[in-house]
Amino acid sequence: MKPDQQLAVLIDADNAQATKIESVLSEIAKHGIPTVKRAYGDWTSPNLKGWKNIVSQFAINKIQQIAYTVGKNATDSAMIIDAMDLLYSKKIDGFCIVSSDSDFTPLARRIHKSALNVYGFGEQKTPEAFIVACDKFIYTESLGQAQEKKETIQLKSDTRLVKLLRNAIDGNWNHLGGVGQKITNQFPEFSPRNYGYKKLLDLILAIQLFEVRESEKSCGKSVYVRDNRNLFA
């Protein structure tokens, strides 16, 4: 990931929360520069009234779409067409799709096929198909407010979390950065923030199932972890 990569932010205003956009854009800034920011919807509809000040405040371009046929989502079609135009322009390094709609799953897969990063932002109700089609998926509920921190006993009883971590950390010493990447590759929606922790290291220390070692090098400090189960074998 390049910190200066040019990102296109495409927002499905019909399926995104206006109150979360500031936090979403702050998160996007960690991954690159949002050179394109567009929000799609029928801006004549009272349902999008809450977006009025948001789009002005964050310089987001409103793309007007009117549903001419009942049951057909014109917003989705417009976003997909624009995304493909941007993809073929070869001026964008990655895409941020802000929506909880699974209709964008084929789009995410197509972008990924072109070796560009896809960052998804949506609510926890987002269908798994769209989540796994993204390189990284971030639940908007975890942005902008502190999640309740789970205690050690709660973390250990979360069998899915324990299995996820142990699949990424074996009995050898594993570099923490590699562990995080391995988890994200398999579970794009994973984030320590979902459990109330800011960093992966904090979560690993809290669950108390792994040994942690820090190593000082000329380029800085490196952190390694390994599964505790092998210590007593």
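Here, each number is a calculation from the coordinates, and none is a lab measurement. What you are looking at is a predicted structure, and each value in this text was computed from that prediction instead of being measured. As a convention, Cβ positions derive from the backbone with ideal geometry for all residues, glycine included, and neighbour counts pool all protein chains shown.
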Quick check: net charge around Leu143, other residues with Cβ under 14 Å of its Cβ, Lys/Arg +1 and Asp/Glu -1? 0
Using only the alpha-carbon atoms, what does the range 1-154 span along each of its principal axes? Please give whole angstrom values in decreasing order. 54, 36, 30
Which ordering of Ser102, Ser45, Ser191 is given by a fewest-first count of other beta-carbon atoms within 10 Å? Ser45, Ser102, Ser191
Beyond a 24 Å Cα-Cα separation, which of these cross-linked pairs lie in this structure: Lys20/Lys182; Lys30/Lys136; Lys49/Lys90; Lys37/Lys91; Lys37/Lys150? Lys20/Lys182; Lys49/Lys90; Lys37/Lys150
About the Cα centre of the chain, what is the dipole size in debye to 20, counting +1 per Lys and Arg Cβ and -1 per Asp and Glu Cβ, all else neutral? 400 debye
Give, as a single signed number, the net charge of other residues whose beta carbon lies under 14 Å from the beta carbon of Ser45, with Lys and Arg counted +1 and Asp and Glu -1. 0
Among Tyr197, Tyr88, Tyr139, whose mean-square fluctuation peaks in a Gaussian network model of the chain (Cα, cutoff 10 Å)? Tyr88
Dipole of the chain, positive direction: furthest Cα of Val132, Ala108, Val179, with charges on the beta-carbon: Val179
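Set the Förster radius R0 to 41 Å, insert the Cβ-Cβ distance between Lys149 and Ile66 as r into 1/(1 + (r/R0)^6), and round the FRET efficiency to 0.05.
0.35
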Given trypsin sites (Lys or Arg not before Pro), DSSP loops and at most 14 other Cβ atoms within 10 Å, the longest exposed-site-free stretch of the chain is 150-197
Which of Ala13, Gln208, Val36 sits closest to the plus end of the dipole of the chain, meaning its Cα is farthest towards the positive end, when Lys and Arg get +1 and Asp and Glu get -1 on the C-beta? Gln208
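Which value results for Rg/Rh of the range 152-232 when Rg is the Cα radius of gyration and Rh the Kirkwood radius based on the inverse mean 1/r?
0.95
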